1. Sorting check: for A:368-379, A:204-215, which peptide has the highest mean count of neighbouring beta carbons within 10 Å, and how do the rest follow?
2. Just counting partner chain Cβ atoms within 10 Å, what average do the residues of peptide B:8-17 show around their Cβ?
3. Straight distance only, please: which aspartates and glutamates reach the Cα of B:LYS97 with their own Cα at less than 14 Å, same-chain residues fewer than 8 apart left out?
4. For chain A, what does the relative contact order come out to in percent, with C-alpha contacts under 8 Å and a separation of six or more?
5. Per residue, how much space in cubic angstrom lies within the convex hull of the C-alpha atoms of region B:1-102?
6. Okay, helix-only estimate at 222 nm for the protein assembly as shown: each DSSP H run of n ≥ 4 adds -39500 (n - 2.57), divide by all residues, round to 500 deg cm²/dmol; what do you get?
7. If I fit a long axis through the Cα atoms of helix B:3-23 and take the longest principal axis of the Cα atoms of chain B, what angle between them do I get, 0 to 90°, rounded to 10?
8. Give me the distance in nm between label points sitting 7 Å out from Cα along the Cα-to-Cβ direction at B:VAL9 and B:THR23, one decimal.
Amino acid sequence: MSNYLQSLPSIAPEIAMTVLLCAVLVVDLLLKGRDSRKVGYLTLGGLGVVAWLLLGQWGELGSAGAAKRVFGMIDIDRFSTFFKLFTVGSLAAVVLFVLLDRRERRHGIGEYYLLLLGAGLGIFFMVSTSNLLLLMLGLELLSLASYSLAGFHKGDKRSAEAAMKYVVFGGLSAGVMLYGISLLYGITGTIDLTEMASGPHSLAAQFSSGPVPVAVAIVLVLAGFAYKVSVVPFHFWTPDVYEGAPTPVTSFLAVASKAAGFAALLRFVGKLFLVDGADGAVQQYGARIGALLAILSALTMTLGNLAALRQSSMKRMLAYSSIAHAGYVLMGMATMESSGWNAAMFYLAAYYLMNLGAFGFVLYFESVTGSDDIASLKGLGAKALWVTVPMVVFLVSLTGLPPTVGFTGKYMLFVAGVDNGLLWLSLVMALNSVVSLFYYFRIVKALFLAEPAERSMPGQSALAGSIFVLAVLTVLFGLYIAPLQAWCDASVESLRLGAG
Amino acid sequence: MSLGAYVAVSAALFAIGIVTIVTRRNILYVLMGIEMVLNAANINFVAFGRHYGGLPGGGGGLEGKMFAIFTIILAAAEAAVALAIVLNVFQAFNSVKPSEADQLRE
């Protein structure tokens, strides 16, 4: 019992999130649905406290051997703290988007914040566990909240359809993944990834005796992850859900939810196949998983970019672009080496910044023009330079041109690919970046190269300000990469060392 | 019964579930297919749990049995959310067939 009490401070951020979630629920009930903005401010304040706790934890984890496992299933290490910090950051941005969305109702939307916090709590557990049961529970907590969020605008047909497509694909992939986990349990007799890699019935021993069941189980689990991060061929839901969901929700799905999926995937593959001093069978299987990821990566980035070329809706275009970006991150993973995984982490961090900014821009212009068509932006570039110039920065970064964080990330991925024998994949990525230039710059063209249009612009200075801050960060981390790179290095290092 | 029999039943249930999801045009059948897939996993968990319960170092097979209990809860929660969403779709489109809800397309 005392052991459990001593472990409680280690999960202080999770406890704080839970308390905040309950507080939001109670306050919303007390307000009786009037003035939900107060609930939003409470959420923002609470997220600030959680971020402060996480920063303290990051500092404590700096000394060697500080990473630990508590309650036998939660890994407290820099890898999980890294993703939790970014999750809190993106949650705060999404809450801000909801608060500043001029088209959103002012009253009776307290559940919005409740569901966002629930999804965030799911991510917290999902990114910090090697126990497949807790992983599954975190994933489902995130998924169930996301389904409801996608259908949040109840009267809106598009929102209803998006939620339906999301819940069907999500339920299917959760079932498939669960079946894969049940097979893994049957093969190894444990649901803990560390024990799976080294226990009495370890995967390594099972590889040599019967490779087929192991391969089936791992492919089924990987399919579940592939759905979450929208990798080909499990990407079909992405464009429809991203287009139909309310824009703040889309930004949450594209950024926090996808990165959480990648975090869990990195930990799953890392714990099983990236073990220091692993024997030949594991390394051989790891190499095969790497080859599989490399092929998926090439397919994902190519299909995402080609499909994005012919979209007229910005949200749909960004959905396909997010599929392409998942391919870039997978490329870093496919190297199965620390350098590639560092690059993948760095790219995920870059992805957070530039995509949040791009969706902020979509939100800004949706409330001006009432639609997210690229054509509706024609000639509006000079009307709101505080938003359109940052958007150019995000697009430059998404394409992967200097001096932005997107360029640095892509450069690191390219080098990691070349160094680890994936030259062909690096070249595919470079070609894909050229293709992406065409569709990203259609937005710039509509904004600045058309006849200036006459339209009154409602003042949205707070939203413009947050977009501007994101653009400054995008450039800042692109020019001054050392801190972010050090954080990624420390995170991957802690993943390799493992905990407990 | 031997372990193999349970695993065979579970594999059959999994296959039936997947076929249901892929071929049915009514979303309620699709949700039933998802439930079948989840329960296929459940049979596996309980059967493997019993198997490892009899082996030294298997931890009494508790992990598998716990997983099965949690999966039942997950399936219930997912059904609740999914049915609420289907109700909403029915109110919007007056149909529960995914092919008739087609506002979102290229």
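Values in this text are rule-based calculations from the coordinates and carry no lab data. Remember, predicted model here, so these are calculated numbers, not experimental data. Because the Cβ atoms are built from the backbone with ideal geometry, glycine has one as well, and the counts that use them run over all protein chains shown.
1. A:368-379, A:204-215
2. Mean partner-chain Cβ count within 10 Å for B:8-17: 2.
3. A:GLU161
4. 15
5. Cα convex hull per residue, to the nearest whole number: 86 Å³.
6. -25500 deg cm²/dmol, from helical runs alone.
7. 10
8. Roughly 2.3 nm, to one decimal.
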